[in-house]
1. Within the stretch 328-344, is there a residue that is of a type in the set (A, V, I, L, M, F, W, C), farther than 21 Å from Arg421 by Cα and open to solvent by 70 Å² or more (accessible area, probe 1.4 Å)?
2. Which count do you get for residues in the stretch 139-178 that are out of contact with any Phe, Trp or Tyr (no Cβ under 6 Å at 6 or more places or on another chain) and either polar (S, T, N, Q) or more than 26 Å from Val248 (Cβ to Cβ) (or both)?
3. From the list Arg199, Arg170, Arg178, which one is of a type in the set (D, E, K, R) and open to solvent by less than 50 Å² (accessible area, probe 1.4 Å)?
4. What number of residues within the stretch 251-267 are open to solvent by less than 70 Å² (accessible area, probe 1.4 Å), under 14 Å from Gly191 (Cα atoms), in a helix (DSSP H, G or I) and not hydroxyl-bearing (Ser, Thr, Tyr)?
5. What are the pairs with Cβ atoms under 9 angstrom where one residue, in the stretch 216-237, is free of Cβ contacts under 8 Å to residues at least 12 places away in the same chain and in a helix (DSSP H, G or I) and the other, located anywhere, is of a type in the set (Lys, Arg) and open to solvent by 10 Å² or more (accessible area, probe 1.4 Å)? Sequence gap at least six, or different chains.
6. Condition first: in a helix (DSSP H, G or I), open to solvent by less than 10 Å² (accessible area, probe 1.4 Å) and closer than 15 Å to Pro151 by Cα. Now tell me which residues in the stretch 23-44 satisfy that.
7. Hey, can you tell me all the residues within the stretch 105-123 that are open to solvent by 10 Å² or more (accessible area, probe 1.4 Å) and either modelled with pLDDT under 95 or of a type in the set (Ser, Thr, Tyr) (or both)?
8. Which of the residues belonging to the stretch 350-366 are modelled with pLDDT of 95 or more and open to solvent by 20 Å² or more (accessible area, probe 1.4 Å)?
Amino acid sequence: MFDANDRQLQVAIVGCGAMGCGIAQLLAQAGVQVLLFDTKPASSQQALHTLHNNFARLQDKGKLTAQQVDAAKECLKIAQELSELSQAAVVIEAIIEDLAIKQQLFLQLEEIVASSTVLASNTSSLSITSLAQVCAIPQRVAGLHFFNPVPLMKVVEVVAGLQTAPAVLRSLAALVKRCGHLAVQAKDTPGFIVNHAGRGYGTESLQILTEQVASAEQIDCIMRQAAGFRLGPFELFDLIGLDVSVPVMQAIYQQYFNEPRYRPSVLAAQRKNAGLLGRKSGQGFYRYEDGKAVLPPTNPSSQVGFNAARLVWVSREEAQWGAQLAALIEPLLAKLGPDAKLEQGTRPSEQALCLVTPVGEDVTTCLQRQGLDGRAVLGVDMLLGLDKHRVLLTNPLTLPTHARAAQALLMQDGVGVSLVRDSVGLVLQRVLAQIVNIACDMAQQGIASPGDIDQAVRLGLAYPHGPLTWGDQLGPALLLRILQNMSAITGDMRYRPSPWLRRRAQLQASLLLPEMDLDTEEFDHA
């Protein structure tokens, strides 16, 4: 295979769109000789012009010296014909996501390049094994999936087809490392690592929206402020565009033979068909003017100004969460005067506002089991604590006066409170449990090592934490219980716990603990 650190290493890029241009920039800045080819000569010329401008901007910002810019420019050459790629050690295709077209390109390349040349695809969704099956030497075909914008997204998926030679994967990983990015090894499965792992966040949020538990704005607010995501799921859908997101959701679902965890949303498909794509169409889950989202007017009823509840009872069925909630509420009640108090009895008085802390269940199930009057009961999502943002849930019987009184009380210290409808798993528990569960199942399938799954998701999706690390922080046993309760109440197989999660929860082990390789009797950290 090729030497990734060879100063004369030549890499050809076929396809000079945004991805091809970004890959070329990354390679050229690392001192790799790059040949640019596009079937439209104007596209390769435009790519070269764009790259020169990018280098100039980086120099103006002090990120590259004049000498580095000159060296990077010297690394870039344009190929007028495909035959000019004959000396390339690696060819990376970044063309249209069409299997037949990519296969035809690889057949053409095999007639031109040396038998040792590696053929790599930047595909984000197509099977590397299927791509390689038409090739005379399938062992040299691999996936090399970069993320956009390439220079800034520091992770690259190195994807092994069923026949890909291990030496090819090692050489590609070394090339990625030379460029200063992180290479993560992935099996050839639908969505690879990052797009597969991303199913939990958006798909479950769409299900919550479909069930009218909360609005898109509320879900975005909860996931940003309470969970720490940079963008809420619907802000992200609007940024990417439903014309991109919906086909990916449908493809992964179908490629996994209708796996319930990845079930697409009818709501999203309808909005795509209506042309409500997001920022690019001016209307998505939000409306956009001059590129900025136009938020709906704030509902005055969500603001402090209502009379806060003055007599409160907190369920201690979940002892730790009940104690945490009571510790927050007691000083808030003290601010309201001597007649406001936290009831300490095992049962509430008839006048008390009642707060429960469900674990994977809905408020309705909790209050029924505890024999409470539903008119005075609300639930609080305790999964991530109460410091950053609070989620308060009604049940179908909750009186509006009680709901607003509870919201006003919990907002006394200036922390935001989202008031939403009843749901199994509430909101935070439901979304985060799915994110962790899907990552666990990816580890169970051996799609990538636990460490690579964590790093790929954190870098590729900009999550606050890797999903398995996050799962360890939240507690595998707690997440298992959340999923079991959601599954029991709904009967929906989308919530069934992964064996990886269940076993580690039962053994009180880390979700990052790899399986032992029975051939080498070593733990597989690859």
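The values are calculated or read from the model by the stated rules, or taken from the named source; none is laboratory data. On a predicted model such as this, the values are computed, not experimentally measured, just so you know. So basically every Cβ, Gly included, is an ideal-geometry build from the backbone, and we count neighbours across all protein chains shown. Areas reflect the complete protein model, heavy atoms only, side chains present, ligands, DNA and RNA absent. Shrake-Rupley method; radii C 1.70, N 1.55, O 1.52, S 1.80 Å.
1. yes
2. Counting residues in the stretch 139-178 that are out of contact with any Phe, Trp or Tyr (no Cβ under 6 Å at 6 or more places or on another chain) and either polar (S, T, N, Q) or more than 26 Å from Val248 (Cβ to Cβ) (or both) gives 14.
3. Arg199
4. Looking only at that region, the number is 3.
5. Final answer for the pair search is Arg224/Arg230.
6. Selection gives Ile23, Ala24, Leu27, Ala28.
7. Of the stretch 105-123, the ones open to solvent by 10 Å² or more (accessible area, probe 1.4 Å) are 105, 107-108, 110-116, 122.
Ser115, Ser116, listed by residue number.
8. Glu361, Asp362, Thr364, Thr365
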